[in-house]
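**Q** My structure is below; once you've seen it, I'll send some questions.
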Amino acid sequence: MDKIKITNHQLFSLTANGAIGGSVIVIAAVVTSIAKQDAWIAALVTPAFGMLIIWIYWFLGSQYHGITFVGIIKNIFGKWIGLIVAACFVFLCVIISSHLPWYISNFMTTQTMPETPAYAINSLFVIAFVIAVLYGIETIARASELFIYFASILFFLAMILVLPNAKIENIQPVFEKGIIPILKSSVFLSCFLTFPLITLMMIYPINLTNISEAKKSIFKGYLWAGFIIFITIFMSILVLGSTITANSQYPTYLLAKEINVGIIFTRVEFLITAVWFVTQFMIGILFFYAGVIGLSELLGLKDHKRIVMPLGLITLVMSGVVFPDAIYQANWVNLVWPPYVITYGLILPVLLFLVFIIKKWIFKMDTRG
């Protein structure tokens, strides 16, 4: 287990990168397919709802300074129930870490490098996961600090360059379908923006130098990510329209292709691609790190580095077979991922919070009695 501590600014960057994740290039399509031209409203509603969930994450961590999320689960639920629940959480982290390289290789083989084997691309990402975890959380956090600046600058540069193509009529009429589609798309957006941040509980609070300031860092990182996702969806609709956005596999990448400033700034969609690669890489590391640390804790290992290589090989093999094709992947994202991540990112933390409050109340009643 890493004993080196990270700063609160590094926690901010980890939160922002984790919330942005791999959604910056694809999430606009799914959200717009549900809420149509009102998808940008859903992008405003989601962070407001998500702040309560993030508060629960912070509260649980603030009560258990010296243990990971696996330890918190076992402490609150008890030894055996906690062990089963924690094992399921670790399984989620390991499985999802093998999903994320698939998205990169699928994008590369369909958009830019069709003759390159998918495993060749996947191996680069998995090797980077392994090296990052072997170097430890301090290295991951420092890289995250650099990546959030890099990703933010490139993202806003791309948005500024594409702004002349925006058409305000593309977001009209507002509330055409009512509030229900907006709420539905907000729940779906939370499955990418909010609930995956449960992986941060394997880093916070055990690796923090200043627990008292952690709350601000987590909230700021989450809101910054929410702002970037809002701009992504808003600009996609303004430039492409709701129909094209909803029917595109990679709408933000298509959006960047619209950049045409004079004869110099054209075909610079690599800006958005670079942002996606960086954030996809970071969310992959968070899941992989959480899986490694959690599994080593469940197995009672003193050094988690013993299982990094074996889990890396499993992740690499799984990354090539986890989705047979893009249609299967789309069905998995729409039908399987939401209930899966809601279970661990929403229901589990809320249950932990309620059980903690009840146990604390019972303890106070016993002491008074």
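**Q** Answer with yes or no whether L271 is in contact with a Pro (Cβ under 7 Å, 6 or more places away or on another chain) and within 25 Å of N170 (Cα to Cα).
**A** Against the criterion (in contact with a Pro (Cβ under 7 Å, 6 or more places away or on another chain) and within 25 Å of N170 (Cα to Cα)), L271 does not qualify.
**Q** May I pose another question? In the stretch 325-368, what residues are in contact (Cβ under 8 Å) with a residue 12 or more places away in the chain and either closer than 20 Å to V31 by Cβ or of a type in the set (S, T, N, Q) (or both)?
**A** Across the stretch 325-368, the qualifying residues are A326, Q329, V333, N334, W337, P338, Y340, V341, I342, G345, L346.
**Q** Check every one of the helices (runs of 4 or more DSSP H) wholly within the stretch 1-90 and list those with 3 or more residues that are of a type in the set (A, V, I, L, M), under 20 Å from S144 (Cα atoms) and under 20 Å from the mean Cα position of the chain (by Cα).
**A** Once the helices (runs of 4 or more DSSP H) in the stretch 1-90 are filtered for at least 3 residues that are of a type in the set (A, V, I, L, M), under 20 Å from S144 (Cα atoms) and under 20 Å from the mean Cα position of the chain (by Cα), what remains is 8-20.
**Q** Does S242 qualify as being polar (S, T, N, Q) and surrounded by fewer than 20 Cβ atoms within 10 Å (Cβ to Cβ)?
**A** No.
**Q** Name every residue in the stretch 127-166 that is hydrophobic (A, V, I, L, M, F, W, C), at pLDDT below 90, more than 15 Å from I228 (Cβ to Cβ) and part of a helix (DSSP H, G or I), in order of residue number.
**A** The answer is L161, L163.
**Q** Return the pair list, or none, for Cβ contacts closer than 9 Å from residues in the stretch 137-155 that are surrounded by fewer than 23 Cβ atoms within 10 Å (Cβ to Cβ) to residues that are charged (D, E, K, R) and not in a helix (DSSP H, G or I), at least 6 apart or on different chains.
**A** Filtered contacts from the stretch 137-155: E138/D2; E138/K5.
**Q** May I pose another question? Select from the stretch 191-233 the residues that are touching a residue at least 60 places away in the same chain (Cβ under 8 Å), of a type outside the set (A, V, I, L, M, F, W, C) and in a helix (DSSP H, G or I) and list them in ascending order.
**A** P196, T199, E213, K215, K216, S217, K220, G221, Y222, G226, T232
The values are calculated or read from the model by the stated rules, or taken from the named source; none is laboratory data. Worth saying up front: this structure is predicted, and the values here are computed from it rather than measured. All Cβ positions, even for glycine, are placed from backbone atoms using ideal geometry, and neighbour counts span all protein chains on display.
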